[in-house]
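Please read the structure below before turning to the comments.
The values are calculated or read from the model by the stated rules, or taken from the named source; none is laboratory data. All figures in this text were calculated on a predicted structure; none of them were measured in a lab. Cβ atoms come from the backbone with ideal geometry, glycine included; neighbour counts cover every protein chain shown.
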């Protein structure tokens, strides 16, 4: 467990020391909250859907966690090419422990970043329906973080060039976000879009967080958590398998 | 200490190492020389369990690196051609993580980290982030880290690349002293022939994936009828410039430079 702990601690220390990264990563969520939250708010309200900021705040938190967790894959790519990864690959420890340490570290950073955005949404006017549900919402946020941190580990283990990750951002991460129902309700969508939202794990994450924070859920929190747990196990196994195949 | 017998490593249609055999004795400093792309790093990667040979047999301290990975990994330290330190951590933190990864008990980890950082003249900078270090300091730290778990073999893959003459001189003096004091076997690669001439007990020259000569510096000079190791090396490997295709690491370095601008 010491191995998992030191590798987890490494990720957290690096995050806390990188103030530029912390500030820079607030950019997109603030833009979504500011431009979409206030820009589309009146339209959303006229459609009888209530306050848009209340609706989209859980989505923006989910987006932050998704992006931060996926960026841990870039960090791994960096480490892999001319950094620290080789040091861990030649160490006399099972690669599974290394993978778990890295993944939990990336997930923790994503949760910390999500917490920061949660505070920002509170300042912007977001109000959870029940304060008691907030810790439960953060458990769902932690699940989202583990899922996408494990996916990032799998991707970081499979590609060797930074340009490859750019493709991942454009063709995987952005669709995951836009199909998750983070910025629009899941009801009344065209059939194809509905099918696509159903196979996006982030959909269940955002729905679960939204259900716990404002009491509005499409699938029900129990189903959301069940799907997230199943996908989490699958992605961690996938990440561990890809990580075990790395050749330096 | 190290035995390599008829080892072949292919990547698709490319044969990087072709029927290579040599032995390294316990306690000696062994230089593995060759032009770019000759197969040096591939050989080190096979010995350090990062790559599996296509065929042939490897042995490190009596163990097969392909079947006894964990036991073999406990027995060597390695300084890679590319830096493998975490620049966002301090020197002490880099040492400490290494100690945990190699299961060095906490008290011994602290004592040995202290001794090695002092030996490599980094003790005063132990709480500084590695990204503030010069190239020479980073290399010294990598060697210190590689020795933390008291390995029997230390692999040094072009450890003095890009260092100024003072840093190179200091590093080899330290390596020589360590070799004598702790009896650690050193397996090194370098493009600086004067370094190999000065520190190595024995030398193997590899070219196009094949060993073309093995012996002491004096023996290689005598065999080729030359006065310096550099001349002997050129006589053995020719004067044609070797081009290596850019590796992913090279490309990443390029990206990194652009980002820094």
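Structure notes:
- Hey, residue B:114 at pLDDT 90 or above, assigned to a helix (DSSP H, G or I) and away from every other protein chain (no Cβ under 14 Å) or not: yes
- Filtered by the rule that a residue be surrounded by fewer than 22 Cβ atoms within 10 Å (Cβ to Cβ), touching a helix residue (DSSP H, G or I) at 6+ places or on another chain (Cβ under 8 Å) and at negative phi, the range B:148-165 gives B:151, B:152, B:157, B:163, B:164.
- Filter result (touching a helix residue (DSSP H, G or I) at 6+ places or on another chain (Cβ under 6 Å) and in a helix (DSSP H, G or I)) within the range B:172-194: B:172, B:176, B:193
- Test: residue in the range A:195-212 that is more than 18 Å from the chain's Cα centre (by Cα) and free of Cβ contacts under 8 Å to residues at least 12 places away in the same chain: yes
- Sole residue being under 28 Å from residue A:94 (Cβ atoms), within 11 Å of chain A (Cβ to nearest Cβ) and in a helix (DSSP H, G or I), chosen from B:72, B:78: B:72
- Within the range A:73-82, the set of residues being at the interface with chain B (Cβ under 7 Å from one of its Cβ atoms) and buried (at least 21 other Cβ atoms within 10 Å of the Cβ) comprises just one member, A:81.
- Scanning the range B:101-114 for residues that are surrounded by fewer than 18 Cβ atoms within 10 Å (Cβ to Cβ) and in contact with a helix residue (DSSP H, G or I) (Cβ under 6 Å, 6 or more places away or on another chain) yields nothing.
- Single unsatisfied condition, residue A:5 versus (1) crowded, with 16+ Cβ neighbours inside 10 Å; (2) within 12 Å of another protein chain (Cβ to nearest Cβ); (3) touching a residue at least 12 places away in the same chain (Cβ under 8 Å): (1)
- Scanning the range B:167-183 for residues that are touching a residue at least 60 places away in the same chain (Cβ under 8 Å) and buried (at least 18 other Cβ atoms within 10 Å of the Cβ) yields B:175, B:179.
- Filter result for residue B:83 (crowded, with 18+ Cβ neighbours inside 10 Å, within 10 Å of chain A (Cβ to nearest Cβ) and modelled with pLDDT under 90): yes
- Taken over the range B:86-108, residues that are within 11 Å of chain A (Cβ to nearest Cβ) and either over 21 Å from residue B:71 (Cα atoms) or in a helix (DSSP H, G or I) (or both) amount to 14.
- Of the helices (runs of 4 or more DSSP H) lying entirely inside the range A:1-71, those carrying at least 3 residues that are more than 24 Å from residue B:130 (Cα to Cα) are A:27-31, A:41-46.
- Check on residue B:66, surrounded by fewer than 20 Cβ atoms within 10 Å (Cβ to Cβ) and assigned to a loop (DSSP other than H, G, I, E, B): yes
- Residue ranges of strands (runs of 3 or more DSSP E) in the range B:1-62 with at least 2 members closer than 20 Å to residue B:160 by Cβ, more than 14 Å from every other protein chain (Cβ to nearest Cβ) and touching a residue at least 40 places away in the same chain (Cβ under 8 Å): B:29-33
- Sole exception among (1) assigned to a helix (DSSP H, G or I); (2) within 23 Å of residue A:29 (Cα to Cα); (3) in contact (Cβ under 8 Å) with a residue 24 or more places away in the chain for residue A:225, by number: (2)
- Residues in the range B:118-143 that are within 18 Å of residue A:83 (Cβ to Cβ), assigned to a helix (DSSP H, G or I) and in contact (Cβ under 8 Å) with a residue 40 or more places away in the chain: B:130, B:131, B:138, B:139, B:141, B:142, B:143.
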